[in-house]
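Chemist: For reference, the structure I am asking about is given below.
The values are calculated or read from the model by the stated rules, or taken from the named source; none is laboratory data. Everything numeric here is computed off the predicted structure, so don't read it as measured data. Cβ placement follows ideal geometry from the backbone for every residue including glycine, while neighbour counts extend to all protein chains displayed.
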Amino acid sequence: MHISYWDFPNDELKYATNRDVTPGTGNCQSTNFDCKPVDSAGGTYGIYSSIAIDSSYNVHISYYDSTNGDLKYATNRDVTPGTGNCQSTDFDCEPVDSAGDVGRYTSIVIDSSYNVHISYYDSTNGDLKYATNRDVTPGTGNCQSTNFDCEPVDSTGDVGWNTSIAIDSSDNVHISYRDTTNGDLKYAVLDSDEDGIPDIYDNCPFSLPVRKIPGGTSYSTLQDAYDDAVDFDIVQSQAETLTGDLFVDINKSVTLKSGFDCDYNHPPDGKTVLNGDMIISNGTLTVESGTFEIQ
């Protein structure tokens, strides 16, 4: 068992476990457990903590630093015992987001590839926010910790209290939270490629569904790719449903190849469905390869 919690008298984030503890020998009040302070660096740490264990039994904790108004993250993954930067040198601790007063009501989960996903409340703006290190090259993220990307998920009214985050068997992200303005329970699912299709319904949730050759520029819609194409360019689409009309109205010749998998491997054998109209008034659009269906 693994527990994260706030030590109120000492303003510390603490961690308790019975893993590798012989019953009766632990240092907690319950001698079946060992307890230790994780973060207590001269402030108030550990409020709104959330804990997750990955498949290799590493510990991951998200929590609120109320002294600085930051979201923080602690882990013992890839930390040699005694070398960590926390009070407990078995852990590394870092602020993830410090843009305003952020980090209340945090919730953490780890996916099958050991990526970290955290939901939390932005008190300054009244927003639900989400932080992850999935698909983030270390040092390039947009958070205070550049190992993470942070983004607002919902900013309509005062939303994001009491968040809870979960990952399904396909590593899709699900978040439940409170809409305080309307007194509602709300639910959010991740749309990683911002194509309007939640990852749970998206064949390729981590890449945009259309690209243009040459160049390999990716797009959310066929219309955007067609508009950017020049004479004899090829537009490729993944095997999924795309929403929106396609107006072929420019004096140029473009080829559409559809039904690709996420990596655009050849030959394409899937089906692209356009949930909209295709209207041709100028130029030429040649449809080759795969299956292209208009609904």
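Chemist: Filter region 1-29 for residues that are over 30 Å from the mean Cα position of the chain (by Cα) and either within 24 Å of residue 94 (Cβ to Cβ) or in contact (Cβ under 8 Å) with a residue 40 or more places away in the chain (or both) and give the result.
Modeler: 8, 10
Chemist: Given 59, 38, which one is farther than 15 Å from residue 1 by Cβ, hydrophobic (A, V, I, L, M, F, W, C), assigned by TED's automatic domain parsing to the domain that holds residue 97 and touching a residue at least 24 places away in the same chain (Cβ under 8 Å)?
Modeler: 38
Chemist: How many of the residues in region 1-56 are polar (S, T, N, Q) and not in a loop (DSSP other than H, G, I, E, B)?
Modeler: Result for region 1-56: 4.
Chemist: Is it fair to say residue 182 is at negative phi and assigned by TED's automatic domain parsing to the domain that holds residue 70?
Modeler: Judged against the criteria, residue 182 is a match.
Chemist: Is it true that some residue in region 198-207 is surrounded by fewer than 20 Cβ atoms within 10 Å (Cβ to Cβ), at positive phi, among the small types (Gly, Ala, Ser) and out of contact with any Pro (no Cβ under 9 Å at 6 or more places or on another chain)?
Modeler: no
Chemist: Next question. Evaluate region 229-240: report whether one residue or more is touching a Lys or Arg at 6+ places or on another chain (Cβ under 9 Å), without any contact (Cβ under 8 Å) to a residue 12 or more places away in the chain and β-branched (Val, Ile, Thr).
Modeler: No, region 229-240 contains no residue that is touching a Lys or Arg at 6+ places or on another chain (Cβ under 9 Å), without any contact (Cβ under 8 Å) to a residue 12 or more places away in the chain and β-branched (Val, Ile, Thr).
Chemist: Quick one: which strands (runs of 3 or more DSSP E) sit completely within region 169-218 and have at least 2 residues that are within 19 Å of residue 120 (Cβ to Cβ)?
Modeler: Hits in region 169-218: 173-179, 184-189.
Chemist: Moving on to the next point. If I filter region 67-76 for residues that are of a type in the set (Val, Ile, Thr), surrounded by 15 or more Cβ atoms within 10 Å (Cβ to Cβ) and under 23 Å from residue 133 (Cβ atoms), do I get at least one hit?
Modeler: yes
Chemist: Which of (1) in contact with a strand residue (DSSP E or B) (Cβ under 9 Å, 6 or more places away or on another chain); (2) on the phi > 0 side of the Ramachandran plot does residue 218 not meet, given it meets every other one?
Modeler: Evaluating residue 218 over (1) in contact with a strand residue (DSSP E or B) (Cβ under 9 Å, 6 or more places away or on another chain); (2) on the phi > 0 side of the Ramachandran plot leaves (2) as the failure.
Chemist: May I ask you to verify whether residue 119 is of a type in the set (Gly, Ala, Ser) and in contact (Cβ under 8 Å) with a residue 60 or more places away in the chain?
Modeler: No, not satisfied.
Chemist: Please work out if residue 156 is of a type outside the set (Gly, Ala, Ser) and surrounded by fewer than 18 Cβ atoms within 10 Å (Cβ to Cβ).
Modeler: yes
Chemist: For residues that are in contact with a Phe, Trp or Tyr (Cβ under 7 Å, 6 or more places away or on another chain) and charged (D, E, K, R), tally how many sit in region 20-47.
Modeler: Number of matching residues: 2.
Chemist: Can you run down the residue pairs with Cβ atoms below 6 Å, 6 or more apart or on separate chains, where the first is in region 169-182 and within 24 Å of residue 116 (Cα to Cα) and the partner is assigned to a loop (DSSP other than H, G, I, E, B)?
Modeler: 171/111; 171/112; 173/190
Chemist: A further question follows. Test residue 210 against the criterion of being within 25 Å of residue 281 (Cβ to Cβ), out of contact with any Asp or Glu (no Cβ under 8 Å at 6 or more places or on another chain) and surrounded by 17 or more Cβ atoms within 10 Å (Cβ to Cβ), and give yes or no.
Modeler: For residue 210, the condition - within 25 Å of residue 281 (Cβ to Cβ), out of contact with any Asp or Glu (no Cβ under 8 Å at 6 or more places or on another chain) and surrounded by 17 or more Cβ atoms within 10 Å (Cβ to Cβ) - is not met.
Chemist: Just the residues that are assigned to a loop (DSSP other than H, G, I, E, B) and in contact with a Ser or Thr (Cβ under 8 Å, 6 or more places away or on another chain), please, taken from region 228-265.
Modeler: 231, 232, 233, 239, 240, 244, 262
Chemist: Follow-up. With the checklist (1) free of Cβ contacts under 8 Å to residues at least 40 places away in the same chain; (2) of a type in the set (S, T, N, Q); (3) surrounded by 15 or more Cβ atoms within 10 Å (Cβ to Cβ) in hand, flag the one item residue 275 doesn't pass.
Modeler: It is condition (3) that residue 275 fails.
Chemist: Go through region 267-286 and count every residue that is within 35 Å of the chain's Cα centre (by Cα) and part of a strand (DSSP E or B).
Modeler: Number satisfying all stated conditions: 6.
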